[in-house]
Amino acid sequence: METLNRTRLLAVARKEIIQLRRDARSLILAFALPVVLLVLFGYAITWDVNDIALGVVDSDRTQASRELINAFVASGYFHVEARCERSSELEDLLERGRVRIGLVIPVGFARDLDFESGASVQALFDGSDANTAGIAMGYARAAVQTYAMRILLKGQALSFPLRPQSRVWYNEDLSSRNMIVPGLVAVIMMIIAAMLTSLTISREWERGTMEQLAATPVSRLEVVLGKLLPYLGIGLIDVLVIATLGMVLFDVPLRGSPLLLMVLSTAFLLGSLGLGLVISAVAKSQLLATQLAMITTFLPAFLLSGFMFAIDVMPAPLQAISYLIPARYFLVVTRGIFLKGVGVEVLFVQGLLLIAFAAVGLFAAVRVFKKEII
Amino acid sequence: MGQGERRFERVKEMVQKELRQILREPRLRRLIFLSPIIQLVVFGYAVSTDIRHTRTFVVDGDRTRTSRALIDAFTGSGYFRVVGRSDRPADLVSALDHGTAILGIEIQPGFTRRLESGQGADVQFLLDGTNSNVATVVRGYAERIALDFGRTAGDVPFAVPVDLRERAWYNADLKSRNYNVPAVVGTIMMLISLLLTSLAIVREREIGTLEQLLVSPLTPREMIAGKTIPFALIGMLDMMVITIVALLWFDVPFRGNFALLLSAGLLYLLPALGLGLLISTVSSTQQEAFLATFLVMMPTILLSGFMFPVSSMPKVFEWLTLLNPMRHFLEIVRGIFLKGVGIDVLWKQLAALAIMGPTILLFAASRFKRLAG
């Protein structure tokens with residue numbers, strides 16, 4: 001039967017660490033890449049739309065029309081990039097991408113305000129980036145609404161018949177950083193686990209040290225666990241680094257239990273590491289191993305886990321596939337713990353699935369490894 | 001035969017040899033044909049920022065015809081789908097905590113009475129903000145539906161003094177697919193140029209055939225041409241395939257000039273192939289080339305405006321993107337596909353590519369020559 005001796009286990013782990021330390025690429029992947037990704041995602045990349053370039057054609061030139069433009073600026077989401085005489089100029093600016101929205105206030109705007117029918121203004125959007133346009137459109141509507149409200153309230157104590165009161169939970173300022181950073185934990189785990197481990201066995205094959213390893217008096221379980229231990233350590237350090245940097249640099253809240261986060265991260269890591277080891281054993285060449293790891297683990301974790309793109313709006317077949325991606329569950333866990341502050345009572349399904357993933361991953365790694373050596 | 005003709009013959013021979021070699025290798029064949037298909041499926045289907053059928057939980061404390069009509073206005077819009085109803089607000093909290101609903105609508109008792117008496121009624125929206133992007137758009141839709149409903153609900157239709165007439169140009173239905181699919185041209189051409197060029201050169205180095213090439217009568221410049229032209233051809237082929245699939249399968253509009261797209265594609269290949277060549281000079285194994293490609297591709301895509309708008313980045317990063325050929329090319333591709341603009345609008349981006357291409361290519365070639373020589 002498989003034996004598990006602490007001294008031998010640690011010896012394998014030590015050997016793996018020494019090898020890792022000499023491999024610059026692996027170290028870059030393990031420590032530099034997570035920080036680079038965090039900085040890129042934290043600082044540079046955002047879906048938040050602000051400071052929208054507004055082009056204005058004010059044909060009315062009255063107090064009222066100026067107030068409307070001011071309402072846009074005062075909302076904090078727009079700045080007036082250009083004032084045009086004719087709407088053809090505005091069209092040109094939209095085409096060049098200099099302005100994202102064109103506001104056209106027709107002659108007689110102020111006069112029409114007093115009529116029953118009301119006045120109308122036109123907003124031309126650059127719709128090519130649907131997402132940004134949709135958000136900008138919402139802000140434009142809100143600005144007009146605020147303005148309309150002010151006009152209505154001027155004379156009389158009238159209010160809108162139906163007042164929507166929106167409250168946003170978990171991420172009150174709707175900042176995309178709060179969405180990205182907890183998700184990044186999952187993506188980086190995948191890079192570490194799959195891409196790093198995928199090299200560990202294929203490297204032995206390529207260098208011809210596999211036979212030596214097989215000849216040493218260590219059990220397969222000891223080899224597998226010994227090889228995984230250093231990576232588990234790296235992965236957990238990365239979780240800590242990302243969580244700390246995220247909280248300190250980017251003000252991401254950690255509302256739930258750090259202990260639960262570490263426990264479930266360990267489970268997710270063990271499963272992914274096992275998966276990486278299986279890939280590594282199957283591929284036998286480092287190049288193929290990295291490519292396989294990229295296609296089977298990293299890309300799905302990036303695209304189909306809900307990290308950036310909502311699973312809800314994907315077509316049914318892709319939604320079905322997403323259930324098979326462990327990162328999907330881990331993402332619910334990280335966002336739940338960071339942002340929602342929920343615990344085991346809410347996350348137990350995901351937690352159990354992750355523990356099952358860890359068990360399957362480790363079991364598969366030991367099984368595949370057995371076959372390899374004999 | 002003149003000097004130039006002989007040179008042309010030699011490069012042609014080598015390009016043919018390279019193409020044969022590439023197409024013989026099953027792994028490369030898969031990469032060339034599968035990666036555009038996978039990316040098209042992902043960016044045509046999976047990566048959508050459109051909002052539909054948002055999971056909504058309803059707590060209707062009023063239970064009148066009017067409150068039901070309000071909920072119907074939500075489901076009828078197509079943006080919302082009711083996944084649960086309850087009388088107790090605690091259930092709403094739990095639905096948000098578990099993530100089974102993204103939006104909660106809470107209607108207080110007395111809603112209809114207040115609405116009809118003209119006092120003004122409140123409707124409460126609770127949003128799960130964990131996906132900030134979805135939440136922002138959902139909030140906008142929800143508030144608009146509520147306001148529109150309120151306008152027509154009372155006995156006297158409520159007149160709003162200002163009416164905003166919106167027209168979205170270039171992409172009237174605001175489909176994110178129309179924005180994403182053309183951009184796949186940019187990422188695929190970059191991927192092909194970086195990965196295949198560097199792998200092909202490094203492989204020759206690994207198996208030792210690069211030395212054979214060096215002793216052949218080819219000059220280093222001819223060798224570089226012979227090594228990169230096949231991938232330029234493949235890149236152009238991929239570009240045409242993606243364009244055709246985008247038009248016929250995904251119904252993406254094409255409003256501009258096809259010849260301009262082709263010339264821009266050629267211009268874009270120069271910096272891309274240059275970067276591939278550069279990667280080959282810093283990697284000694286195919287494995288290293290692959291990792292280097294990954295490390296270069298990642299920031300190139302993230303800082304290109306492919307998924308995240310450049311205009312929302314902090315100024316420093318916005319300037320940084322000016323050095324990214326993909327950023328310029330994506331502006332060209334999207335401009336041609338969606339806006340139908342021409343050189344008069346896109347000359348800046350074209351000029352940037354025209355400067356970047358030869359610069360990177362010459363730098364890479366000089367490094368390559370030094371290593372080879």
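We did not get these values from a lab; they are worked out from the coordinates using the rules stated. Computed from a prediction, not measured in an experiment: that's the story for all the values here. Note that each Cβ is placed from the backbone with ideal geometry, even for glycine, and that neighbours are counted across all protein chains shown.
Here are the numbers for the structure shown:
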| item | result |
| --- | --- |
| Among B:90-99, B:4-13, A:250-259, B:170-179, the order from most to least packed when residues are scored by Cβ within 10 Å on average | B:170-179, B:90-99, A:250-259, B:4-13 |
| Cα gyration tensor shape for chain B, rounded if a/c is under 1.5, else prolate or oblate | prolate |
| Distance (nanometres) between label positions extended 7 Å along Cα→Cβ at A:Leu352 and B:Leu371 | 5.4 nm |
| Cross-link reach list, aspartates and glutamates versus A:Lys227, counting only Cα pairs under 14 Å and skipping chain neighbours closer than eight places | A:Glu16, A:Glu204 |
| Under-5 Å amide H pairs with B:Phe80, H placed in peptide plane, nonlocal only | B:His53, B:Thr54 |
| All-pairs alpha carbon distance profile, chain A, 20 Å steps from 0, percent | 24, 40, 24, 11, 1 |
| Fraction of antiparallel bridges per DSSP, the protein assembly as shown only, in percent to nearest 5 | 20 percent |
| Under-5 Å amide H pairs with A:Ser166, H placed in peptide plane, nonlocal only | B:Phe125 |
| At q = 0.13, 0.15 Å⁻¹, base-10 log of I(q)/I(0) for segment A:9-78 (Debye sum, equal scatterers on each alpha carbon) | -0.63, -0.72 |
| Whole-number D in µm² s⁻¹ for segment A:52-155, Kirkwood Cα-pair radius fed into Stokes-Einstein, 10 °C, 1.306 mPa s | 114 µm²/s |
| Highest-first arrangement of B:77-85, B:233-241, B:124-132, where packing means the average Cβ count within 10 Å | B:124-132, B:233-241, B:77-85 |
| Tail fraction, Cα-Cα pairs, segment A:213-268, threshold 17 Å, whole percent | 52 percent |
| Förster-model FRET efficiency, 22 Å R0, B:Ile207 and A:Thr209, C-beta, rounded to 0.05 | 0.50 |
| Distance in nm between pseudo-label sites at B:Leu247 and A:Phe115 (7 Å out along the Cβ direction from Cα) | 4.6 nm |
| Antiparallel DSSP beta bridges within chain B, percent to nearest 5 | 30 percent |
| Per-residue Cβ neighbour rank within 10 angstrom, fewest leading, A:Lys227, A:Lys15, B:Lys348 | B:Lys348, A:Lys15, A:Lys227 |
| Karplus-derived HN-Hα couplings along segment B:90-103 (A = 6.51, B = -1.76, C = 1.60, θ = phi - 60°), whole Hz, x at Gly and Pro | 4, 5, 5, 4, 5, 4, 6, 4, 7, x, 6, 10, 9, 10 |
| Under 18 Å, Cα to Cα: Lys pairs in chain B, sequence gap 8 or more or different chains | 5 |
| Counted charge near A:Gly42, where neighbours are those whose Cβ lies closer than 11 Å (Asp, Glu -1; Lys, Arg +1) | 0 |
| Calculated log₁₀ intensity ratio I(q)/I(0) where the Debye formula runs over C-alpha points of segment B:179-331, q = 0.17, 0.18, 0.20 Å⁻¹ | -1.00, -1.08, -1.23 |
| Net length gained if the chain between B:Arg167 and B:Thr66 were fully extended (0.36 nm per residue, minus Cα distance) | 33.2 nm |
| Inter-chain shielding of A:136-146 (mean C-beta neighbours from other protein chains, 10 Å cut-off) | 4 |
| Fewest-first sequence of A:Leu299, A:Leu9 by Cβ atoms within 10 Å of each Cβ | A:Leu299, A:Leu9 |
| Reciprocal of mean inverse Cα separation for segment B:21-105 (Kirkwood radius, Å) | 16.1 Å |
| Per-peptide average of other Cβ atoms within 10 Å, ordering B:255-265, A:129-139, B:135-145 highest first | A:129-139, B:135-145, B:255-265 |
| Net length gained if the chain between B:Ile38 and B:Ala354 were fully extended (0.36 nm per residue, minus Cα distance) | 110.8 nm |
| Amide H contacts under 5 Å for A:Arg83, placed H, 5+ residues apart | A:Val56 |
| Karplus-derived HN-Hα couplings along segment B:329-336 (A = 6.51, B = -1.76, C = 1.60, θ = phi - 60°), whole Hz, x at Gly and Pro | 5, 5, 5, 5, 4, 5, x, 6 |
| For segment B:54-153, fraction of C-alpha pairs farther apart than 20 Å, in % | 33 percent |
| Value of D in µm² per second that Stokes-Einstein yields for segment A:35-109, Kirkwood Rh from Cα pairs, at 37 °C (0.692 mPa s) | 238 µm²/s |
| Additional length obtainable on full extension of the chain from A:His79 to A:Leu299, 0.36 nm per residue less Cα span | 75.4 nm |
| Distance (nanometres) between label positions extended 7 Å along Cα→Cβ at A:Leu324 and B:Leu266 | 4.4 nm |
| Gyration tensor (Cα) of segment A:213-336, equivalent ellipsoid semi-axes in angstrom | 28, 22, 12 |
| Average beta carbon contacts from partner chains per residue of B:283-292, 10 Å cutoff | 5 |
| Cα-based radius of gyration of the protein assembly as shown once divided by 2.2 N^0.38 Å, which approximates compact folds | 1.07 |
| 10 Å Cβ neighbours from other chains, averaged over peptide A:44-54 | 5 |
| Least to most buried among A:Ser87, B:Ser312, A:Ser305, A:Ser117 (fewest other Cβ within 10 Å first) | A:Ser117, A:Ser87, B:Ser312, A:Ser305 |
| Karplus 3J(HN,Hα) series, Hz, for segment B:306-316 with 6.51 cos²θ - 1.76 cosθ + 1.60 (x for Gly, Pro) | 4, 10, 10, x, 4, 5, 8, 6, x, 3, 4 |
